Amino acid sequence: MRDLFLLVLLLIPLTAAATSVELVEAVRGAVTARPQVLAAQAQADAAAAGVTEARSRYLPRLTATETYTWTDEPAGSLFIALNQERNVMVDPTYDLIDPAAQTDFATRLTLEQKLFDAAAGYAIARARAGQAAAQAGARWSREEAAFAAFQAYLEVQRTAAALIWVEKSQEEAAEILRVAVERRRAGLGLKSDELRSRVQLAETERQLLTVRNDQTLSRRRLALAMGNAGGEVDIARPLSVDFWAGAAGGAAAGERADLHALSRRSDAAALALQESRAGYLPTLGVAASYGLHGEESPFAVDGAAWAVGAELRWELFDGLRRSGAAARAAAEEQGARAEHEEARRRQQHLRAEAQLRAEEATLQHVSALAAVAAAEEGQRLLLQRYEAGLVELAELLGAQSALDRARFAVVSAESRLLLARGNIRLQNGTFLTTILPGEEVAP
């Protein structure tokens, strides 16, 4: 029993520990397992199946039917007998007015082929445009999922760095409290200085609790961003501020995937308009059938016959259905093109904003590093002066607070810099290819 208890104690840390992943692993998991990516890919697969469905309008249709009829209707009974190749007209006992009931098993194989259907060509082209739009949407979904995983990875990195500086601040606050207690005991300091030092230490302890919770939540968000159902995922190592150095940040070849999706949707709307207008034209088709008729059982060959025919169908008036469909398609095309133009303008703005924010984050990072160096030196000097009784505790606590803020600014600046440079790749549509170069990643 004691051995079992020890084994459980040994396993607890192993089960509680979060899995550690590299950024590449996190991104790969996001673009292959996240539900929103799977949903977008399913829509692309559905659109591809829609092309096959639309193409079927050009292909022949083969139908097999089996019909059973039992009737004593004069005309029906006569035709059943004739179809079964029984000449009842020469039978003097056959009553044309009140015949006996007749049974018929009719087996028929029918082949139909459209020769001309103007709307079918536009329907196929529209389905292909919809497929291209759905595929582009799936690519953009993977791009967004990859960037979301990158954001979650950075958040774990930020909380880990914040935990380090909060723990360091706690150590420094404890050191200030120790000096204040020693000075009071030596008769050189005030009780109020000791109390204020304890307040400062308590504040760092509250910050430590908050940061630890933030770290736990950030790990859970990373797990969700990777497509996991739950749990926590930690990062294997932090990204350096020069992570993006040398990585191409130019625009993707052609339109960004989401803009290409909108462009193809507007093309599909234009083709839908052409399809609705083609409905005013006639259709031409041919058909051929071969039938078997039996009196007593299916597939009997009491009689056999074939037929071929052609049909020209021209719908002259349909209650304004086609005109309404054309007006609707025209409005949808106009809306789709306006939506594409709006997205294109927004992308231009976001691309310029991403560049400006990256430049701003670079300068803020440099400034934050200089500020924390100055704050650390100032705090060190004031601590020495306070130990020598040359400054008040308020000045030392103020310097410590300034140092805490400077450290937090460095952590935030590093995270913002990495995020801003990654956002440039996202706005250019090259984020995923930068992280996973040469990989064709799909669910």
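Which label belongs to the value computed from this structure, given these candidates for percent of Cα pairs over 38 Å apart: (i) 19; (ii) 57; (iii) 22?
Calculated percent of Cα pairs over 38 Å apart: the matching label is (ii).
What list of whole percents do you get for P(r) of the stretch 165-256, with Cα-Cα distances grouped in 5 Å bins up to the one holding the largest distance?
3, 12, 11, 10, 11, 11, 10, 8, 7, 6, 4, 3, 2, 1, 1, 0
For Cα pairs less than 8 Å apart in space and 6+ apart in sequence, what is the mean separation divided by the residue count of the chain, i.e. the relative contact order in percent?
Numbers: 631 pairs, mean separation 108.2, N = 443.
Dividing the mean separation by the residue count of the chain yields 24 percent.
For the chain, which DSSP H helices look membrane-span-like by this rule: Cα extent along the axis of 20 Å or more and mean Kyte-Doolittle of at least 1.0?
Values: long enough: 2-16 (22 Å, 1.97); 35-55 (30 Å, 0.18); 118-185 (100 Å, -0.13); 191-225 (51 Å, -0.89); 257-278 (31 Å, -0.24); 321-387 (92 Å, -0.86); 393-428 (52 Å, 0.24).
Helix filter hits for the chain: 2-16.
R0 = 56 Å: FRET efficiency of residue 217 with residue 320, Cβ-based, nearest 0.05?
0.45
Are there any GluC sites (Glu not before Pro) in the stretch 301-350 that are in a DSSP loop and have at most 14 other Cβ atoms within 10 Å? List them by number. Mind showing how you got there, number by number?
Details: sites: 311, 315, 332, 333, 339, 341, 342; in loops: 315.
The qualifying sites are 315.
Can you tell me the order of 219-225, 149-155 when each peptide is scored by its average per-residue count of other Cβ atoms within 10 angstrom, highest first? Present the calculation step by step, with values, prior to reporting the outcome.
On the way: 219-225: 21.9, 149-155: 23.9.
In decreasing order of mean packing, 219-225, 149-155 become 149-155, 219-225.
Can you tell me how much longer the chain between residue 202 and residue 182 gets when fully stretched, taken as 0.36 nm per residue apart minus their C-alpha distance, in nm with one decimal? Show your work: numbers first, answer last.
Numbers: separation 20, 0.36 × 20 = 7.20 nm, distance 1.89 nm.
5.3 nm is the gain from fully extending residue 202 to residue 182.
Can you order the peptides 171-178, 300-307 by their average number of other Cβ atoms within 10 Å per residue, highest first? Walk me through the intermediate numbers first.
Details: 171-178: 17.5, 300-307: 13.6.
Going from most to least packed, we get 171-178, 300-307.
If each DSSP helix of 4+ residues adds -39,500 (n - 2.57) and the sum is divided by the residues in the chain, what number results at 222 nm, nearest 500 deg cm²/dmol? Don't jump to the answer; show the numbers that get you there.
Values: 10 runs with 290 residues, N = 443.
Theoretical 222 nm ellipticity from helices: -23500 deg cm²/dmol.
Quick note: the coordinates plus some simple rules give every number you see, no bench work behind them. Quick caveat: nothing in here was measured; it's all calculated off a predicted structure. No Cβ is skipped: glycine too gets one built from the backbone with ideal geometry, and neighbour counts run over all protein chains shown.
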